[in-house]
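See structure below.
The values are calculated or read from the model by the stated rules, or taken from the named source; none is laboratory data. Just so it is clear, the model here is predicted, and its values are computed rather than measured. We place every Cβ from the backbone using ideal geometry, glycine too, and count neighbours over all the protein chains shown.
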Amino acid sequence: MLRKAGLFFTALAFLCLGSGAAFAERLSINGSTTVLPAAQKLAEAFMKVRPDVTVSVAGGGSGNGIKAIVDGTTHVGNSSRFIRNSEVRMAVEKDTYPVPFRIGLDCIVPVVHPDNPVKDLSLDQLRDMYTGKIRNWKEVGGRDMRVVVISRDSSSGTFESWGDLVMNKQRVVPSALTVPSNGGLVQAVTTTPGAIGYIALGYVNKDVKMVSVDGVMGSEENTISGRYPISRPLFMFTRGWPEGVTLDFINFVFSKKGQEEVKASGSIPVY
């Protein structure tokens, strides 16, 4: 009888522990691939101070991040651009209010294949390359080699920022190769000798060469000072004013530790 009672209480304790784990709080974050490295580092650091919370992080682009907030399918939506008027209207129709939090800064840098000798391009030259007016690298002091234009897809916040800051709303040449992420663009440039592309500063690595713009290199210092011409804020959106674990996470983002994680990811902290 005592043995049966012992087995009963052991099973009951197991069920109680299992029930507690099942009700562990969850936080989902998705959107911009530019914000993704910062979001991943922030999530890992947050879970260390809040082991009762499980945080999932995914990319997908700024447009998808904001849409997920409007649809209520994520707690935090990452974006490398501000919300569009069309997205505001969509939110109003669904009776929701996306709240933006500027978590950092970023600069968009032109990148080329490491073997390309070109070190600097003007904004006008970048625009002319992306509209198809400049078609050969020898036109900008490089080798006799065809320019292969590589761009982000239209749902990307980086694509929109490039359009505003470089293209002056002009259309990218139809022959441009389109990739869905910063990482994909790095890979495409690495394998294409004549490529010109653009990525977030935090994605620059030894496989691509960063090109300065009008004599100014993309960097944290030049972005903060305003000298670098292709820079933008980075956002995390919540569905209405955050509450509960979402508010705890946002507060963590703006803590000293949180901003250190933003910096460690390659983005520029707000303070």
Handout entry: Filtered residues of segment 170-192 (kept if under 20 Å from ASP128 (Cβ atoms) and not aliphatic (A, V, I, L, M))
Key = GLN170, ARG171, PRO174, SER175, THR178, THR192
Fill in the blank from the handout: Just one listed residue, out of ASP52, ASP128, ASP120, is loosely packed, with under 15 Cβ neighbours inside 10 Å and among the acidic types (Asp, Glu), and it is ASP52
Exercise for the section: Check THR158, THR178 and return the single one that is in contact with a helix residue (DSSP H, G or I) (Cβ under 8 Å, 6 or more places away or on another chain) and not in a loop (DSSP other than H, G, I, E, B). Expected result: THR158
Problem - Tabulated pairs, segment 55-72, first closer than 22 Å to TYR97 by Cβ and not assigned by the TED database to the domain that holds ALA200, second of a type in the set (Ser, Thr, Tyr) and assigned to a strand (DSSP E or B), C-beta under 6 angstrom, 6+ apart or interchain - result: SER62/SER79; GLY65/SER79; ILE66/SER79
Exercise for the section: Examine segment 88-95 for a residue that is part of a loop (DSSP other than H, G, I, E, B), in the same structural domain as THR246 (by the TED database) and not basic (Lys, Arg), and state whether such a residue exists. Expected result: yes
Problem - Single unsatisfied condition, VAL166 versus (1) part of a helix (DSSP H, G or I); (2) free of Cβ contacts under 8 Å to residues at least 60 places away in the same chain - result: (2)
Fill in the blank from the handout: Across segment 110-145, the tally of residues that are touching a residue at least 60 places away in the same chain (Cβ under 8 Å) and either in a strand (DSSP E or B) or hydrophobic (A, V, I, L, M, F, W, C) (or both) stands at 9
Completion exercise
Looking across segment 42-86 at residues that are among the hydrophobic types (A, V, I, L, M, F, W, C) and assigned to a strand (DSSP E or B), the single one that is farthest from the chain's Cα centre (by Cα) is VAL53
Problem - Test for LYS263: is it within 26 Å of LYS138 (Cα to Cα) and touching a Pro at 6+ places or on another chain (Cβ under 7 Å) - result: no
Handout entry: Hits in segment 227-271 (condition: free of Cβ contacts under 8 Å to residues at least 40 places away in the same chain, not in a helix (DSSP H, G or I) and not assigned by the TED database to the domain that holds VAL204)
Key = GLU243, SER255, TYR271
Problem - Failed item, numbered, when GLY202 is tested on (1) buried (at least 21 other Cβ atoms within 10 Å of the Cβ); (2) modelled with pLDDT of 95 or more - result: (2)
Handout entry: SER80 among the small types (Gly, Ala, Ser) and in contact with a Gly (Cβ under 7 Å, 6 or more places away or on another chain)
Key = yes
Completion exercise
The one condition ASP207 fails out of (1) under 20 Å from SER80 (Cβ atoms); (2) not assigned by the TED database to the domain that holds VAL99; (3) not hydrophobic (A, V, I, L, M, F, W, C) is (1)
Exercise for the section: State all residues of segment 233-249 that are touching a helix residue (DSSP H, G or I) at 6+ places or on another chain (Cβ under 9 Å) and closer than 25 Å to GLY63 by Cβ; if no residue qualifies, say none. Expected result: LEU234, PHE235, MET236, PHE237, THR238, ARG239, TRP241, PRO242, PHE249
